[in-house]
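Notes to accompany the following structure.
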Amino acid sequence: MTSLWDLLRGAMVTKALGAAADLELADRLADGPRPVAELALATGADADTLHRILRALASEGVFAEDEPGVFRNTELSEGLREDDWRAFAHLFGSVFYDAVGTLDPRARRETFSRRFGTDYWSWLEAKPAERAAFDAAMAGGKDRTADRLAALDWREEEVVVDVGGGNGALLRALLQRRPELRGVVFDLPETVRDDAALGDRIEFVPGSFFDSVSAGDAYVLSGVLHDWNDERAGEILRTIRQAAPAHARLLILESVLEHGNEPNGAKWLDLLMLVLGGRERTEPEWRALLAGAAFDATQIDDGLIQAACR
């Protein structure tokens, strides 16, 4: 059973995972166990401090101490060798960690700007390395999402516009499964990407989804709307509706919160969204948001919300 101590120490686990990711410890242990002294020398870390961090993480199954001062990877720490999980660990151990520290039950708006002097997206735009980490984190887990999209009914040569599509990982995965489709990745010009990797059936179009989006037959929003409050999310949807032909459909890949006390990671993610200026939503909230932008929800499932143009 989870104890209060297990919950209270969560901040320390987050910080330790962020440190391990930034020092690329999992990669340094890829060839087998190594003494802390070697890891410290390779990373510039203090050997005693590093030992204590690794020892604590090993007690949670992240790394393992086979003999005093000698550590190896575990199944969990191997995850930190993947670009997306390493990027997530960095973000949660740094900017997200500091942002959640501003959580204030009295506040009715984002609190990120209290700590950083600007909103999260402006802060990210000014920091290319952090933007690259964000894009890497968002590119993860796309195979499962692409499987879900590929299982839907599609017509030959439909154009799928991935609004806020980052580096195009989701569309690439979808077109691998559905080569009869064509795609448009629509995102800010500073998005870190490899244009050559998009292939000849996917085009990158730079722009802001608050101003305009490309025309298409289907619009995908994957983990975008939860970044924004209802007013701003509504603006994004209205921009899409203005560009969308009458037959177009909208596919939103996001959580749908449900009432109850079962463990739900999205309810914790909602607290991060709260301080950044966004929110996770319930089914009634999704329906109201879509209706306000002239979309009708046709099917709402956790992880996939489908809507049609009015």
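The values are calculated or read from the model by the stated rules, or taken from the named source; none is laboratory data. On a predicted model such as this, the values are computed, not experimentally measured, just so you know. Cβ coordinates were reconstructed from backbone atoms using ideal geometry, including for glycine residues, and neighbour counts include every protein chain displayed.
Of the helices (runs of 4 or more DSSP H) lying entirely inside the range 7-89, not one contains at least 1 residues that are at pLDDT below 95 and surrounded by 15 or more Cβ atoms within 10 Å (Cβ to Cβ).
The one condition from (1) surrounded by fewer than 16 Cβ atoms within 10 Å (Cβ to Cβ); (2) within 16 Å of the chain's Cα centre (by Cα) that GLN299 does not meet is (2). Within the range 241-258, residues that are more than 27 Å from LEU269 (Cβ to Cβ) and assigned by TED's automatic domain parsing to the domain that holds ASP301 have Cβ atoms under 7 Å from residues that are buried (at least 19 other Cβ atoms within 10 Å of the Cβ) and of a type outside the set (A, V, I, L, M, F, W, C) in these pairs: ALA244/TYR219; ALA248/GLY216; ALA248/TYR219, counting only partners at least 6 apart in sequence or on another chain.
The rows are residues; the columns are (1) within 15 Å of GLY277 (Cβ to Cβ); (2) in contact (Cβ under 8 Å) with a residue 40 or more places away in the chain.
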{"site": "ASP187", "(1), (2)": "no, no"}
{"site": "PRO206", "(1), (2)": "no, no"}
{"site": "PHE210", "(1), (2)": "yes, no"}
{"site": "ALA215", "(1), (2)": "no, yes"}
{"site": "ASN229", "(1), (2)": "yes, yes"}
{"site": "GLY234", "(1), (2)": "yes, yes"}
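The selection criterion, being surrounded by fewer than 21 Cβ atoms within 10 Å (Cβ to Cβ), closer than 21 Å to SER214 by Cα and at pLDDT 90 or above, does not hold for PRO105.
Here are VAL224, VAL256, VAL213, VAL220: which of them is closer than 30 Å to ARG106 by Cα, buried (at least 21 other Cβ atoms within 10 Å of the Cβ) and not aromatic (Phe, Trp, Tyr)?
The unique qualifying residue is VAL224.
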